[in-house]
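Read the structure below first, then the notes.
The values are calculated or read from the model by the stated rules, or taken from the named source; none is laboratory data. Keep in mind that what you see is a predicted model, and the values were worked out from it rather than measured. Methodologically, a virtual Cβ is constructed for each residue, glycine included, from the backbone with ideal geometry; neighbour enumeration extends over all protein chains shown.
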Amino acid sequence: MSLFQYELEKWILFLSSSFVKFHQKTSPGVPHAKDKIYVQSQGIATVPNTAFNWNTFLQHSEINQSADNLHVFLLICGLRQVKDPLYLVDAFSEWHQEEPNVYMVIVGPEVDPVFTREVKAKVKRTPGVRLIREMAQEDLHAVMKNCFALVNSSVSEGMSAAILEAMDLEVPVLARNIPGNSAVVKHEVTGLLFSDPQEFVQLAKRLVSDPALEKTIVANGREYVRKYHSWQEERQTYRQLVRTLERSPED
């Protein structure tokens, strides 16, 4: 936890009757406020567009191959350095040149204009990698549902909604081995964790060639989201908290 986060949490607890956290960890400097803290995991709900046309999307992405034998690895992120969208590009492109039916598609908003230009220039000259502008959530969920795997290559991450959404949609996850990701993705259980681009390619190849591993990861990921990231449970927590605050004598 950063100094800013620590101080912010102290002030929120000082000013509030209650405070909802998405993680179990609580600042050591505020033990007196433990009765005000409610821990609620981030709730996940996916709503893929049922009218979405996957083949049309592939054509617009300039992927001119049959969807039947295609493996699309989807990276969803805002184009900024902390998300490191170019981390896997070179290694993936080498793999694509060996196996032309694998593609990486990067989707996300142009957050950092300078970095966005760098990403666009790199992707433009890199075979097997495509860059798509930000999409409506329902369409993005449809793309996720149709892709082979969801990729996260961030340098730092809190709790990735995209990872949890992929699990909910029964899509396997390959994530960079950083604390925020490893808190959700258990290697070979709910997903696969990689520490460098070469390991990513090795694990991606393994996932493509091992349907049993894919099936296990998908089933475990879906169960994990259902058990720990229910949007219904999150809604109920906030309802109960509001009722508690309404009964509280504090102003």
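Looking only at segment 133-147, count how many residues are surrounded by fewer than 18 Cβ atoms within 10 Å (Cβ to Cβ) and either in contact with a helix residue (DSSP H, G or I) (Cβ under 9 Å, 6 or more places away or on another chain) or outside the structural domain of Met104 (by TED's automatic domain parsing) (or both).
Let us first name the residues in segment 133-147 that are surrounded by fewer than 18 Cβ atoms within 10 Å (Cβ to Cβ), namely 133-134, 136-139.
Adding the requirement that they be either in contact with a helix residue (DSSP H, G or I) (Cβ under 9 Å, 6 or more places away or on another chain) or outside the structural domain of Met104 (by TED's automatic domain parsing) (or both) leaves 134, 139.
Qualifying residue count for the region: 2.
Just one of (1) surrounded by 14 or more Cβ atoms within 10 Å (Cβ to Cβ); (2) assigned to a helix (DSSP H, G or I); (3) free of Cβ contacts under 8 Å to residues at least 60 places away in the same chain trips up Phe200, so point out which.
With respect to (1) surrounded by 14 or more Cβ atoms within 10 Å (Cβ to Cβ); (2) assigned to a helix (DSSP H, G or I); (3) free of Cβ contacts under 8 Å to residues at least 60 places away in the same chain, Phe200 is out only on (3).
Conditions: (1) aliphatic (A, V, I, L, M); (2) within 27 Å of Ser66 (Cα to Cα); (3) crowded, with 17+ Cβ neighbours inside 10 Å. Ala212 meets all but one. Number of the miss?
Going through the list (1) aliphatic (A, V, I, L, M); (2) within 27 Å of Ser66 (Cα to Cα); (3) crowded, with 17+ Cβ neighbours inside 10 Å, Ala212 breaks only (3).
Residue pairs, Cβ under 7 Å, 6 or more apart or interchain, first in segment 115-127 and more than 16 Å from Asp84 (Cβ to Cβ) and modelled with pLDDT of 95 or more, second surrounded by 14 or more Cβ atoms within 10 Å (Cβ to Cβ) and not charged (D, E, K, R). List them.
Pro127/Ser93; Pro127/His96
Residue check: is Asn101 surrounded by fewer than 18 Cβ atoms within 10 Å (Cβ to Cβ) and in contact (Cβ under 8 Å) with a residue 40 or more places away in the chain? Steps first, answer last, please.
Numbers: surrounded by fewer than 18 Cβ atoms within 10 Å (Cβ to Cβ): yes; in contact (Cβ under 8 Å) with a residue 40 or more places away in the chain: no.
So Asn101 fails the test.
Please pick out the residue among Val82, Val114 that is over 23 Å from the mean Cα position of the chain (by Cα), exposed (fewer than 15 other Cβ atoms within 10 Å of the Cβ) and either of a type in the set (Ser, Thr, Tyr) or in a helix (DSSP H, G or I) (or both).
Details: Val82 fails: over 23 Å from the mean Cα position of the chain (by Cα).
Within the list Val82, Val114, the selection yields Val114.
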